[in-house]
Amino acid sequence: MTPLIAVLIAYLIGSLSFAVIVSKAMGLADPRSYGSGNPGATNVLRTGNRKAAALTLAGDAAKGWLAVFLALALGTRLGLMPRDIACVALAVFVGHLWPVFFRFQGGKGVATAAGVLLALDWRVGVATLLVWLIVAKGLRISSLAALIAAVLAPLLMFWLAPHREYFYVSLALSALLIARHHRNIRNLLNGREGQIGTPGKDGGQA
């Protein structure tokens, strides 16, 4: 029963959509109502409010990290195995994609996945974040940076992680993240993907 409760709590943590929460707290429009319609930091940035975007990014990453960190910290006491930790990691990510508190309309999972990876193995988390930052800064296309980082993450986890279950869950996270970017992938192939901060373009992350 304990692993199931841990997974449920992780899902509920993931269901806290900081794009919506921060925007409402700061008197901004619901991020699902403009731009790409994606409740994520990049779309919030389209309002011109950098503070709101930064808080969204930090909150979405922190919830992914927190859920996994707590499972790891309490794992021995609660009898959680590596496979249970992997399920917690997947649950918090799924909560972000389909949040029960916001009519299951969630983001694309980039920030939350970064938080999860940092908690599972900080080396993998830091490496994927660096890749995202380099590509995003160089090309100013957030979705492309996310897709490249998503492909890299499972490879790094396979090489570095202490448990094979962490590789499997990173593979699942990457597959879901790439699937959530299907429209961005079409835009990239057609040369229509917007750059970071460009109004009205579908480059939003989460």
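The values are calculated or read from the model by the stated rules, or taken from the named source; none is laboratory data. Since we're looking at a predicted model, the values are computed, not measured. Using ideal geometry, Cβ is built from the backbone for each residue, glycine included, and neighbour counts are taken over all protein chains shown.
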- Message: Return the residues of region 155-169 that are buried (at least 18 other Cβ atoms within 10 Å of the Cβ) and without any contact (Cβ under 8 Å) to a residue 60 or more places away in the chain; say none if nothing qualifies.
- Response: Leu156, Met157, Ala161, Phe167
- When Val22 is run through (1) outside any helix (DSSP H, G or I); (2) touching a Gly at 6+ places or on another chain (Cβ under 7 Å); (3) free of Cβ contacts under 8 Å to residues at least 40 places away in the same chain, the failure sits at (1)
- Query: Does region 172-183 contain any residue that is within 19 Å of Leu57 (Cα to Cα), assigned to a helix (DSSP H, G or I), modelled with pLDDT under 95 and not aromatic (Phe, Trp, Tyr)?
  - Reply: yes
- Task: Those residues that are small (Gly, Ala, Ser), surrounded by 14 or more Cβ atoms within 10 Å (Cβ to Cβ) and over 14 Å from Val100 (Cβ atoms), I need them from region 4-31; list them, please.
- Result: Ala6, Ala19, Ser23
- The lone condition Leu189 fails out of (1) over 28 Å from Val88 (Cα atoms); (2) surrounded by 15 or more Cβ atoms within 10 Å (Cβ to Cβ) is (2)
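Scanning region 93-111 for residues that are aromatic (Phe, Trp, Tyr) and assigned to a loop (DSSP other than H, G, I, E, B), which turns out nearest to Ala10 (Cα to Cα)? Working first, answer last.
Our first condition is that a residue be aromatic (Phe, Trp, Tyr); within region 93-111, this holds for 93, 98, 101-102, 104.
After this cut, where a residue has to be assigned to a loop (DSSP other than H, G, I, E, B) as well, the list is 98, 104.
On the way: Trp98: 13, Phe104: 15 Å.
So the residue we want is Trp98.
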- Does Val124 fit the bill of being in a helix (DSSP H, G or I) and closer than 18 Å to Leu66 by Cβ? yes
- Query: Restricted to region 32-70, and to residues that are hydroxyl-bearing (Ser, Thr, Tyr) and either surrounded by fewer than 24 Cβ atoms within 10 Å (Cβ to Cβ) or touching a residue at least 60 places away in the same chain (Cβ under 8 Å) (or both), which residue is nearest to Asp84 (Cα to Cα)?
  - Reply: Thr42
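Being in contact (Cβ under 8 Å) with a residue 60 or more places away in the chain and under 15 Å from Ala172 (Cβ atoms) is the filter; apply it to region 111-143 and report the residue that is surrounded by the fewest Cβ atoms within 10 Å (Cβ to Cβ).
Ala113
In region 71-92, which residues are outside any helix (DSSP H, G or I), of a type outside the set (Gly, Ala, Ser) and surrounded by fewer than 16 Cβ atoms within 10 Å (Cβ to Cβ)?
In the first step, residues of region 71-92 are kept if they are outside any helix (DSSP H, G or I); the result is 79-81.
Right, trim to of a type outside the set (Gly, Ala, Ser) and you get 80-81.
Met81, the sole residue that qualifies.
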- Matching residues in region 57-88 (in contact with a Ser or Thr (Cβ under 8 Å, 6 or more places away or on another chain) and either under 11 Å from Ile13 (Cα atoms) or of a type in the set (Lys, Arg) (or both)) number 3
